[in-house]
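K.L.:
Before anything else, here's the structure in question.
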Amino acid sequence: MTELYQLTIHEAGELLRQRKISSVELTQAHLERIRAVEEKVKAFTLVTDDLALEQAHAADRRIANGDTLSPLTGIPLAIKDVICTKDIPTTCGSRMLENFRPPYNATVMERLNAAGIVMLGKTNMDEFSMGSSTEHSAFFNTHNPWDLERAPGGSSGGSAAAVAAGMAMGAYGSDTGGSIRQPGALCNVVGLKPTYGRVSRFGLIAFASSLDQIGPFARDARYAALLLQAIAGPDPRDATCSPQAVPNYSSTLDGNIKGMRIGVPEEYWVEGTQPDVVASARANIEHLRALGAEVEPVSLPHTRYGVAAYYIIAPAEASANLARYDGVKYGYSYQDTDDMWEAMEKTRQYGFGAEVKRRIMLGTYALSAGYYDAYYKRAEKIRSLIRQDFEQAFEKFDVLASPASPTVAFKLGEISDPYQMYLQDVFTIPANLAGICGVSIPGGFSNGLPIGFQLLGNAFAEEKILRVAHAFAQTTDYHTRWPNL
Ligand code: GLN
């Protein structure tokens, strides 16, 4: 029998509107599921039970009153702890913000609250979103629901694991270089990174401002479309947020991809990718061809410089963004001294973890006089070339298809070399550098571990990647499988 927590967002929405179930029941089912498996998975930094039930009651009242409803009214969701929630702890996975309660909501939260969602809690993440395994959380590791000894990916590992384990019907995360798509891939969940500027970053704690985007996790493309719809669109509080109108993402999901042109980037078959991941991506591409898509290879010649350019640009921006954590206005503050400089130094010494310090040092170095031209400026030039590669590719193709991550979920503690960890994002980083959209979808299994499949679309072409993702899901069953917890 299907448990309430296993319903799809669509099924749950129908039952809510027909008043066959209440949002309180649905929420309680998820809180029970959290009580049952969270001890093993550890996806949440905070479970907001009381708030969730309050919001569920409010949603039930809206439904009873016959108010206009959003498709997300009464739906229990989880939020990555990088998104500011008014008066509710928002730690960013860091000691620095362990006791931080934002005085305002992110725009995304305001929209979700207006839609009437139920927030179950805040999810664990790599500190300041820096990492690919959630092991850089200052608090604890999150475990992959498909194998508890393995990492869920990162940095939005808590959100991906919560959805995979049935602890939330959907979730939000942020993607700067792959942090939605890679954990999505490792946890068998759809993870979508919207086009840069599609979703407001107001109230998203900044890592690298020219790359960061908030996006959804869901068990199917249809629900990712609903979750994106709820947050997308212009925001006067974020100058980089596009004024472009938001299409109706659900209306084009008809399962038909006949004649769609799908490019397969030749440079995305890199050494070090696990053979099962390669085989699965190749098989999935053939599957799309069988569904009527026109599939052809395409070259993105500057791909190989993507990771190197990203690890200059992202740390450079991070070093500037994280300068604000000085222990003066908010966040952790070292108090045991009368000396101002010592207080700042110790605040940063104790408040930040090793990976964050590594990024700050890298970024400060890359931006310093004498090195700026050699590193930062050069990386920005590479970024332009990568963007041009995609521009050319999208003149000919609607969507590009590739593996999402070079490996399946790895063991916790297995990757100790930072550089090896950075390579987790070799397929996801170029999309952030170019500002285009991408989605990782359940695409297969290797010895019981999920394999992700990535679809990339041009800027503001979310409709197209969702259309292909949906057609793929309708004709495969990977996304319907549940981990044995
Ligand atoms: N893993 C990449 C990093 O560590 C990307 C993280 C992200 O997308 N936030 O920077």
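The values are calculated or read from the model by the stated rules, or taken from the named source; none is laboratory data. In this text, all values refer to a predicted model and were calculated from it rather than measured experimentally. Here the Cβ positions follow ideal geometry from the backbone for every residue, glycine too, while neighbour counts run over all protein chains shown. Note: accessible area is taken over every heavy atom of the protein model, side chains too, but ligands, DNA and RNA are not part of it. Shrake-Rupley method; radii C 1.70, N 1.55, O 1.52, S 1.80 Å.
Let's see how each residue does on (1) in a helix (DSSP H, G or I); (2) open to solvent by 10 Å² or more (accessible area, probe 1.4 Å):
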site: Gln55; (1), (2): yes, yes
site: Ile63; (1), (2): yes, yes
site: Leu69; (1), (2): no, yes
site: Met119; (1), (2): no, no
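K.L.:
Pick from segment 427-453 the residues that are among the polar types (S, T, N, Q) and within 14 Å of the ligand (Cβ to nearest atom): which of them is farthest from Ala379 (Cα to Cα)?
P.N.:
Ser440
K.L.:
Which one is nearest to the ligand (Cβ to nearest atom), of the residues in segment 351-364 that are open to solvent by 60 Å² or more (accessible area, probe 1.4 Å) and touching a helix residue (DSSP H, G or I) at 6+ places or on another chain (Cβ under 6 Å)?
P.N.:
Checking each candidate, the answer is Leu362.
K.L.:
Here is a follow-up. May I ask you to list pairs of residues, at least six apart or on different chains, whose Cβ atoms are under 8 Å apart, with the first in segment 298-313 being in contact (Cβ under 8 Å) with a residue 40 or more places away in the chain and closer than 15 Å to Tyr371 by Cβ and the second being outside any helix (DSSP H, G or I) and within 12 Å of the ligand (Cβ to nearest atom)?
P.N.:
Ile313/Ala208; Ile313/Leu211
K.L.:
Between a first residue in segment 167-195 that is touching a residue at least 60 places away in the same chain (Cβ under 8 Å) and outside any strand (DSSP E or B) and a second residue that is acidic (Asp, Glu) and within 11 Å of the ligand (Cβ to nearest atom), which pairs have beta carbons less than 8 Å apart while being 6 or more apart in sequence or on different chains?
P.N.:
Final answer for the pair search is Thr176/Asp212; Gly177/Asp425; Gly178/Asp425; Arg181/Asp175; Gln182/Asp425.
K.L.:
Only one residue in Gln420, Gln424 is modelled with pLDDT under 95, open to solvent by less than 10 Å² (accessible area, probe 1.4 Å), within 27 Å of Leu192 (Cβ to Cβ) and within 16 Å of the ligand (Cβ to nearest atom), so which one is that?
P.N.:
Answer to the check: Gln424.
K.L.:
Does segment 258-276 hold any residues that are open to solvent by less than 70 Å² (accessible area, probe 1.4 Å), in contact with a strand residue (DSSP E or B) (Cβ under 6 Å, 6 or more places away or on another chain) and not β-branched (Val, Ile, Thr), and which are they?
P.N.:
Hits for segment 258-276 are Gly263, Pro265, Tyr268.
K.L.:
What about Val37, is it open to solvent by less than 60 Å² (accessible area, probe 1.4 Å), assigned to a helix (DSSP H, G or I) and in contact with a Pro (Cβ under 9 Å, 6 or more places away or on another chain)?
P.N.:
Yes; evaluated as a whole, the condition is true for this residue.
K.L.:
Being among the charged types (D, E, K, R), surrounded by 24 or more Cβ atoms within 10 Å (Cβ to Cβ) and touching a Lys or Arg at 6+ places or on another chain (Cβ under 7 Å): is that true of Asp87 here?
P.N.:
So Asp87 does not fit the description; no.
Here's the yes/no breakdown for (1) within 12 Å of the ligand (Cβ to nearest atom); (2) open to solvent by 10 Å² or more (accessible area, probe 1.4 Å); (3) over 30 Å from Gly292 (Cβ atoms):
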| residue | (1), (2), (3) |
| --- | --- |
| Ala168 | no, no, yes |
| Ile180 | yes, no, no |
| Gly191 | yes, no, no |
| Arg198 | no, no, no |
| Ala208 | yes, no, yes |
| Pro216 | no, no, no |
| Ala221 | no, no, no |
| Asn256 | no, yes, no |
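K.L.:
Conditions: (1) under 22 Å from Pro275 (Cβ atoms); (2) open to solvent by less than 10 Å² (accessible area, probe 1.4 Å). Asn432 meets all but one. Number of the miss?
P.N.:
Result: Asn432 fails condition (1) only.
Residue by residue, here is whether (1) touching a helix residue (DSSP H, G or I) at 6+ places or on another chain (Cβ under 6 Å); (2) of a type in the set (D, E, K, R); (3) part of a loop (DSSP other than H, G, I, E, B) holds:
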| residue | (1), (2), (3) |
| --- | --- |
| Ala208 | yes, no, yes |
| Pro216 | yes, no, no |
| Leu227 | no, no, no |
| Pro236 | no, no, yes |
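K.L.:
Please list, ordered by first then second residue, the pairs with beta carbon atoms under 8 Å, 6 or more apart or interchain, first in segment 356-378 and touching a residue at least 24 places away in the same chain (Cβ under 8 Å), second open to solvent by less than 70 Å² (accessible area, probe 1.4 Å) and in a loop (DSSP other than H, G, I, E, B).
P.N.:
From segment 356-378, the pairs are Val356/Ser94; Val356/Met130; Val356/His136; Arg359/Met130; Ile360/Phe352.
K.L.:
Separate question: Might you check whether a residue that is over 27 Å from Gln28 (Cβ atoms) and open to solvent by less than 10 Å² (accessible area, probe 1.4 Å) occurs anywhere in segment 104-116?
P.N.:
Taking every residue of segment 104-116 in turn, at least one turns out to be over 27 Å from Gln28 (Cβ atoms) and open to solvent by less than 10 Å² (accessible area, probe 1.4 Å).
K.L.:
Now a separate question. Determine whether segment 304-314 contains at least one residue that is under 25 Å from Tyr172 (Cα atoms), surrounded by fewer than 21 Cβ atoms within 10 Å (Cβ to Cβ) and at pLDDT 95 or above.
P.N.:
yes
K.L.:
Considering only segment 130-142, I want to know if a residue exists there that is open to solvent by less than 10 Å² (accessible area, probe 1.4 Å), away from the ligand (no atom under 11 Å from the Cβ) and modelled with pLDDT of 95 or more.
P.N.:
Within segment 130-142, one or more residues are open to solvent by less than 10 Å² (accessible area, probe 1.4 Å), away from the ligand (no atom under 11 Å from the Cβ) and modelled with pLDDT of 95 or more.
K.L.:
Also: Confirm whether Arg348 is crowded, with 24+ Cβ neighbours inside 10 Å and outside any loop (DSSP other than H, G, I, E, B).
P.N.:
So Arg348 fails the test.
K.L.:
Further question: Report the residue count in segment 306-328 for those that are more than 16 Å from the ligand (Cβ to nearest atom) and assigned to a helix (DSSP H, G or I).
P.N.:
Summing the residues that are more than 16 Å from the ligand (Cβ to nearest atom) and assigned to a helix (DSSP H, G or I) in segment 306-328 gives 2.
K.L.:
Output the number of residues of segment 138-166 satisfying the condition of being out of contact with any Pro (no Cβ under 6 Å at 6 or more places or on another chain) and part of a strand (DSSP E or B).
P.N.:
Here the count works out to 2.
K.L.:
Right, next: Of the residues that make up segment 1-9, is at least one modelled with pLDDT under 95, of a type in the set (A, V, I, L, M, F, W, C) and open to solvent by 60 Å² or more (accessible area, probe 1.4 Å)?
P.N.:
Within segment 1-9, one or more residues are modelled with pLDDT under 95, of a type in the set (A, V, I, L, M, F, W, C) and open to solvent by 60 Å² or more (accessible area, probe 1.4 Å).
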